[in-house]
Amino acid sequence: MSIIKTAVFPVGGLGTRFLPATKAMPKEMLPIVDTPLIQFVVEEARACGIERLVFVTGRQKHAIENHFDHMYELEANLQAKSKMEYVKLVREHLGEPGEILFTRQMSPSGLGHAVWCARHVVQDSPFAVLLADDFIDAEPGCLAQMVEAYEANPGNYLAAMQVDRDKVDRYGIAEPQDGQSPGQQSVRIQGLVEKPSPEEAPSRLAVIGRYVLEPEVMTRLSQLVSNSQRGAGGEIQLTDAIAAEIPNCPTYAYHFDGQRFDCGSKIGFVQATAHMSAKRGLV
Ligand code: G1P
């Protein structure tokens, strides 16, 4: 099984784009058909043999904790009615007690800050980061593909895909090394910049929310936090920590096989719902 044992799930975001739905409910609990976004990424991580799942949460995120625990009254009720297929449905994603750890980000200071909050669990080992907003339908899962690439050839791996030039300012954008063919699955990169303007972007190769990272990225994040080195949007950026490590560690933009939907946007969420509905024969 994989040498990546820890995955970090930053789930502290406010979900502003989905208000009012996300006023009292975490955006990660929005369902694609009947399954919350967070459950998809947890299952993607478990499929790689990941044993420690760290959720970096915020206030109002209790529904996520409850989702990964027993709901005795509901289970007893379903059992009494012999609805065993539903009993299975509410239990099968729970995992082992102690597998999921929760820590609070306390202040919304950016993705890098959220990942840094998991430092005491990650310690000195390579780790994965998964963003539930990026829904990826892939078999094997996107993270499994990246872990396989990492194990064959270690380094920092960032899931990536080409986006339209007018959308580069929504993403971390990679700068491929000279001589790298755009068709390669793992493209070695020499630069990375968070949310550049279309004029400044070094390419259209955008980072998508799956990362396999060496522990030195966490050390870089600690430096950014202790020096209050805020990047794009005035936030502590994961992109900046990874970029700082490029001279020391081979860093790859990884073209995954699969279909990605931006479930941080309404249109992406609707498209993901339509895609999964069709796949399950519901429409
Ligand atoms: C984050 C990262 C960005 C990445 C994106 C992928 O941005 O900071 O580098 O390209 O996720 O979804 P966010 O969507 O949190 O603004």
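The values are calculated or read from the model by the stated rules, or taken from the named source; none is laboratory data. Every value quoted in this text rests on a predicted model; they were computed, and no experiment measured them. Methodologically, a virtual Cβ is constructed for each residue, glycine included, from the backbone with ideal geometry; neighbour enumeration extends over all protein chains shown.
A few comments on the model shown:
- Residues satisfying the stated conditions in the stretch 1-36, i.e. among the polar types (S, T, N, Q) and surrounded by fewer than 17 Cβ atoms within 10 Å (Cβ to Cβ): Thr16, Thr35
Table: residues versus (1) buried (at least 18 other Cβ atoms within 10 Å of the Cβ); (2) modelled with pLDDT of 95 or more; (3) in a loop (DSSP other than H, G, I, E, B).
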| residue | (1), (2), (3) |
| --- | --- |
| Leu53 | yes, yes, no |
| Val56 | yes, yes, no |
| Glu65 | no, no, no |
| Asp69 | no, no, yes |
| Val90 | no, no, no |
| Leu94 | no, no, yes |
| Pro97 | no, no, yes |
| Thr103 | no, yes, no |
| Ser107 | no, no, yes |
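- Of the residues making up the stretch 255-273, just one is of a type in the set (A, V, I, L, M), within 15 Å of the ligand (Cβ to nearest atom) and surrounded by fewer than 14 Cβ atoms within 10 Å (Cβ to Cβ), namely Ile267.
- Selected residue (criterion: nearest to Ala253 (Cα to Cα)) from residues of the stretch 153-168 that are touching a strand residue (DSSP E or B) at 6+ places or on another chain (Cβ under 9 Å) and without any contact (Cβ under 8 Å) to a residue 60 or more places away in the chain: Gln162
- Residues in the stretch 218-240 that are over 16 Å from Glu175 (Cβ atoms), within 11 Å of the ligand (Cβ to nearest atom) and not in a loop (DSSP other than H, G, I, E, B): Gly233, Leu238.
- The stretch 180-194, subset in a strand (DSSP E or B) and small (Gly, Ala, Ser), residue surrounded by the fewest Cβ atoms within 10 Å (Cβ to Cβ): Gly191
- Taken over the stretch 129-155, the criterion of being touching a Cys at 6+ places or on another chain (Cβ under 9 Å) and among the aromatic types (Phe, Trp, Tyr) is satisfied by Phe135 alone.
- Pairs linking a residue in the stretch 169-182 that is in contact (Cβ under 8 Å) with a residue 24 or more places away in the chain to a residue that is part of a strand (DSSP E or B) and away from the ligand (no atom under 16 Å from the Cβ), with Cβ atoms under 8 Å and 6 or more positions apart or on different chains, are Glu175/Gln190; Pro176/Arg188; Pro176/Gln190.
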